[in-house]
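A.B. asks: Mind looking over this structure? Questions follow.
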Amino acid sequence: MHPPPPPSLTEPEARQHPERMGFSQRGILQGMQHLAGIAVFIVPFGMAFGVTAVEKGMTVAQAMIMSVLVFSAAAQFASLEFWPSGWPSLALVLATAAVSSRLVIMGAALSPWVNQVQRPQRWGAVMLLTDPSFADGFQAFQQGGRDLGRLLGASLMLWLAWVAGTAIGAIAGERIGHLDRFGIDVLMAAYFTTMILGPLLNTPDVRRAAFAVLPSYGTAAIVAVAGLYLLPPGWNVVAAAVAGGAVEAWRHDR
């Protein structure tokens, strides 16, 4: 008589004891191919940043270096508000930290898998982490994928698209001037509108989740607009992030 099979792990237990992870060139190529379609749509937003950076007084080289090293659309656009200022260091650091704080949560969610490899590989897997590559990699790992190259490849594809878009936009902005007549500004507005309203058009669970964050998002929006008139340039971004986070923390503790 055969012994009964061991009980299957629940999802939280499975995440605490996943199979051993690896890192391969094939996985990197797979990740790049998987997000190549999304990367095409990243290029116009990189162009918008390049144009805006040049309009704010950056050189093409400065805009390129920022995109190569920072690689955060939200943080980079926020930082442009401080560029003409005299000493923006503290405000710039606070704004960048506030805008990019979501990456801490993403890293924690990926920790059961990425923490299995050595630190150099771990850092390499997450150094270019973005929202789309996190979503792609997290889903792949939950479904049994065990190649961290998939995560790096997806991020790398988006990084290349962002840097290429920045180069195109910065060079065009320097040589042609304002590109509003080509619709870059409309494109950005349409993108962020879609990002906000898109979840509301999905499943009921997603709609409930979207409405659940409306108080914190609404508070942040109100503070950001009010801060334009009450705070020094750029500080409205920091105040909005702090206010929105405080509201969400208060609601969570209730």
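A.B. asks: Tell me which residues, restricted to region 125-144, are surrounded by 19 or more Cβ atoms within 10 Å (Cβ to Cβ) and of a type outside the set (Phe, Trp, Tyr). First the steps, then the outcome.
C.D. replies: At the first step, the residues of region 125-144 found to be surrounded by 19 or more Cβ atoms within 10 Å (Cβ to Cβ) are 125-126, 128-130, 133-134, 136-137, 140-141.
Once the filter is applied, which keeps residues that are surrounded by 19 or more Cβ atoms within 10 Å (Cβ to Cβ) and of a type outside the set (Phe, Trp, Tyr), region 125-144 yields Ala125, Val126, Leu128, Leu129, Thr130, Ser133, Asp136, Gly137, Ala140.
A.B. asks: Something else now. Restricting to region 46-62, and then to whatever is buried (at least 20 other Cβ atoms within 10 Å of the Cβ), part of a helix (DSSP H, G or I) and not aromatic (Phe, Trp, Tyr), can you tell me which residue is nearest to the chain's Cα centre (by Cα)? First the steps, then the outcome.
C.D. replies: Filtering region 46-62 for residues buried (at least 20 other Cβ atoms within 10 Å of the Cβ) gives 46-54, 58.
Going one step further and asking which of them are part of a helix (DSSP H, G or I), we end up with 46-54.
Pick out the ones that are also not aromatic (Phe, Trp, Tyr) and you get 46-48, 50-54.
Working: Gly46: 13, Met47: 17, Ala48: 16, Gly50: 18, Val51: 20, Thr52: 19, Ala53: 19, Val54: 23 Å.
Out of the qualifying residues, it is Gly46.
A.B. asks: Moving on to the next point. Filter region 117-150 down to the residues that are of a type in the set (A, V, I, L, M) and under 19 Å from Ala73 (Cα atoms) and list them by number. Full working, then the answer.
C.D. replies: First pass over region 117-150, keeping only residues of a type in the set (A, V, I, L, M): 117, 125-129, 135, 140, 148.
Within region 117-150, Val126, Met127, Leu128, Leu129, Ala135 qualify.
A.B. asks: Now a separate question. Out of all the residues in region 116-136, is one or more within 22 Å of Tyr217 (Cβ to Cβ), at pLDDT below 90, assigned to a loop (DSSP other than H, G, I, E, B) and not aromatic (Phe, Trp, Tyr)?
C.D. replies: yes
A.B. asks: Here's another thing I want to ask about it. Consider only pairs whose beta carbons are under 9 Å apart and that are at least six residues apart or on different chains; among these, list those whose first residue lies in region 218-247 and is modelled with pLDDT of 80 or more and whose second residue is surrounded by 14 or more Cβ atoms within 10 Å (Cβ to Cβ) and not in a helix (DSSP H, G or I).
C.D. replies: Ala239/Leu231
A.B. asks: So which pairs qualify, if the first residue must be in region 155-171 and of a type in the set (Phe, Trp, Tyr), the second must be modelled with pLDDT under 95 and buried (at least 24 other Cβ atoms within 10 Å of the Cβ), the Cβ gap must be under 7 Å, and the two must be at least 6 apart or on different chains?
C.D. replies: Trp162/Gly46; Trp162/Ser67
A.B. asks: Return yes when Ala172 is in a helix (DSSP H, G or I), buried (at least 17 other Cβ atoms within 10 Å of the Cβ) and either at pLDDT below 75 or touching a strand residue (DSSP E or B) at 6+ places or on another chain (Cβ under 7 Å) (or both) and no when it is not.
C.D. replies: The answer is no for Ala172.
A.B. asks: Let me ask something else. Filtering region 89-123 down to residues that are in contact (Cβ under 8 Å) with a residue 60 or more places away in the chain and of a type in the set (Gly, Ala, Ser), which residue is farthest from Ala243 (Cα to Cα)? Working first, answer last.
C.D. replies: Filtering region 89-123 down to residues in contact (Cβ under 8 Å) with a residue 60 or more places away in the chain leaves 91-92, 94-95, 98-99, 101, 112-114, 116-117, 121.
So of that shortlist, the ones also of a type in the set (Gly, Ala, Ser) come out as 91, 95, 98, 101.
Details: Ala91: 16, Ala95: 13, Ala98: 11, Ser101: 14 Å.
The qualifying residue farthest from Ala243 (Cα to Cα) is Ala91.
A.B. asks: Condition first: in contact (Cβ under 8 Å) with a residue 12 or more places away in the chain, closer than 27 Å to Gly227 by Cα and buried (at least 16 other Cβ atoms within 10 Å of the Cβ). Can you find one or more residues in region 28-37 that meet it?
C.D. replies: no
A.B. asks: While we're looking at this one, here's another question. Mind checking whether some residue in region 63-85 is surrounded by fewer than 15 Cβ atoms within 10 Å (Cβ to Cβ) and modelled with pLDDT under 75? Full working, then the answer.
C.D. replies: First pass over region 63-85, keeping only residues surrounded by fewer than 15 Cβ atoms within 10 Å (Cβ to Cβ): 65, 68-70, 84-85.
Checking which are modelled with pLDDT under 75 leaves us with 84-85.
Yes, region 63-85 contains a residue that is surrounded by fewer than 15 Cβ atoms within 10 Å (Cβ to Cβ) and modelled with pLDDT under 75.
A.B. asks: Right, here's the next one. Any residue in region 42-56 that's within 25 Å of Ser133 (Cα to Cα): show its pairings with residues that are crowded, with 22+ Cβ neighbours inside 10 Å and of a type in the set (Ser, Thr, Tyr) at Cβ separation under 6 Å, as long as the two are six or more apart or on different chains.
C.D. replies: Hits for this filter: Gly46/Thr166; Phe49/Thr166; Gly50/Thr166.
A.B. asks: How many residues does region 135-156 hold that are touching a Phe, Trp or Tyr at 6+ places or on another chain (Cβ under 6 Å) and of a type in the set (A, V, I, L, M, F, W, C)? Spell out how you get there, then give the answer.
C.D. replies: Quick first cut of region 135-156, residues touching a Phe, Trp or Tyr at 6+ places or on another chain (Cβ under 6 Å) only: 141, 148-149.
Now drop any that are not of a type in the set (A, V, I, L, M, F, W, C), which leaves 141, 148.
So the count comes out to 2.
A.B. asks: Which of the residues belonging to region 22-45 are closer than 22 Å to Arg119 by Cα and in a helix (DSSP H, G or I)? Walk me through it before giving the result.
C.D. replies: To start, the set of residues in region 22-45 that are closer than 22 Å to Arg119 by Cα comprises 22-29, 31.
If the condition is that a residue be closer than 22 Å to Arg119 by Cα and in a helix (DSSP H, G or I), then Gln25, Arg26, Gly27, Ile28, Leu29, Gly31 are the ones that fit.
A.B. asks: To continue, here is another question. Suppose the filter is under 16 Å from Gly165 (Cα atoms) and of a type in the set (Gly, Ala, Ser); does Ser67 pass it?
C.D. replies: On the way: under 16 Å from Gly165 (Cα atoms): yes; of a type in the set (Gly, Ala, Ser): yes.
Yes: the conditions hold for Ser67.
A.B. asks: Could you list all residues from region 110-123 that are buried (at least 20 other Cβ atoms within 10 Å of the Cβ) and under 11 Å from Leu152 (Cβ atoms)?
C.D. replies: Of everything in region 110-123, those that are buried (at least 20 other Cβ atoms within 10 Å of the Cβ) and under 11 Å from Leu152 (Cβ atoms) turn out to be Val114, Arg122.
The values are calculated or read from the model by the stated rules, or taken from the named source; none is laboratory data. All values reported here derive from a predicted model rather than from experimental measurement. As a convention, Cβ positions derive from the backbone with ideal geometry for all residues, glycine included, and neighbour counts pool all protein chains shown.
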